[in-house]
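Enquirer: Just passing along the structure, written as structure tokens.
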Amino acid sequence: MRQFNFHEHPFEILDVLLVAILIYWVYLLLKETRAMRILYGIAVLAIIMLLGRLLQLQTLNFILTYVLAGLVVAIPVVFQPELRAALERLGRTRFVGEFGKLKKYEIANIVLEIISAVDFLSKNRQGAIIVLTRQTGLRDIIQTGVRLDAQVTRQLLINIFAPKTPLHDGAVIISGDKVIAANCWLPLPEQEFNFDLGTRHRAAAGITSETDAIVIVVSEETGKISLAVGGNLTIDLTSAQIKEFLINLLQHKIEGVAT
């Protein structure tokens, strides 16, 4: 029996490795999404079709061929939000965002300004939604609001979210030490979440499921503070907890938040 010579077939080996990497990459991008469950189903159908061909089950093969073809067309339509988020993660650069350019003490000072404002807004039950960008740019969302490019301060954030002011309804976008824009409108997610909360909370979970942004939400009804990261929403946190999470997320680049 002839042995396989790795030196004679370098491109075949490269081909297999690239396919394996691609399959693993797709798995990482789509895991824990609805699309992943559908991919499992497609894999089962593909195995059944392969067995059908080996056993020459022509009718079964005919049906499964058209079923799989239909699924290939339907999946990009049905799972557009999940696929868009997966492609965004795939295309996300590894370069640091504006927070990554700051020293740790500078990040700590910015977090203190934000927390001080959030604490005031919470005690006075003034609704707010604050978005902190990381690697993913939010230019399309910034363009929906009013450009500020102002230093992050407690008083500025309190003034923005003061009732009946022109900018209080939308979201504030913070990048590094700058309040980039206010009165920005976040798109509401198409997918359903396992919680029954208001528009601000749904928008926060939606934008963080598609980007690496961090979002702080203050409820206008209850004054409770929530934090959204990676599509996960943690509700009713204290100012101290928010501060700890932000320091960890911005300084140490932790991807998630405990719920």
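The values are calculated or read from the model by the stated rules, or taken from the named source; none is laboratory data. Keep in mind the model is a prediction, meaning the values are calculated, not measured. Quick reminder, even Gly has a Cβ in these numbers, built from the backbone with ideal geometry, and neighbours come from all protein chains shown.
Enquirer: For A205, indicate whether it is among the hydrophobic types (A, V, I, L, M, F, W, C), at pLDDT below 90 and under 18 Å from T136 (Cβ atoms). If you could, list the steps in order and put the result at the bottom.
Expert: Working: among the hydrophobic types (A, V, I, L, M, F, W, C): yes; at pLDDT below 90: yes; under 18 Å from T136 (Cβ atoms): yes.
It is true that A205 is among the hydrophobic types (A, V, I, L, M, F, W, C), at pLDDT below 90 and under 18 Å from T136 (Cβ atoms).
Enquirer: Scan the range 227-256 for residues that are touching an Asp or Glu at 6+ places or on another chain (Cβ under 7 Å) and not in a loop (DSSP other than H, G, I, E, B) and report the count.
Expert: So the first thing to find is which residues in the range 227-256 are touching an Asp or Glu at 6+ places or on another chain (Cβ under 7 Å), and the list is 230, 239.
Next cut, not in a loop (DSSP other than H, G, I, E, B) only: 239.
The total comes to 1.
Enquirer: Within the range 133-157, can you find the residues that are touching a Leu at 6+ places or on another chain (Cβ under 7 Å) and not in a helix (DSSP H, G or I)?
Expert: Within the range 133-157, V146, A150 meet the criteria.
Enquirer: Looking at the range 213-256 only, could you name the residues that are crowded, with 19+ Cβ neighbours inside 10 Å and of a type in the set (D, E, K, R)?
Expert: Within the range 213-256, K243 is the sole residue that qualifies.
Enquirer: Can I ask one more? Is it fair to say R139 is out of contact with any strand residue (DSSP E or B) (no Cβ under 7 Å at 6 or more places or on another chain), more than 21 Å from G170 (Cα to Cα) and at pLDDT below 95?
Expert: Answer is no for this residue.
Enquirer: What are the pairs, 6+ residues apart or on separate chains, where a residue within the range 152-177 that is of a type in the set (S, T, N, Q) has its Cβ under 6 Å from a residue that is buried (at least 21 other Cβ atoms within 10 Å of the Cβ)?
Expert: S175/T133
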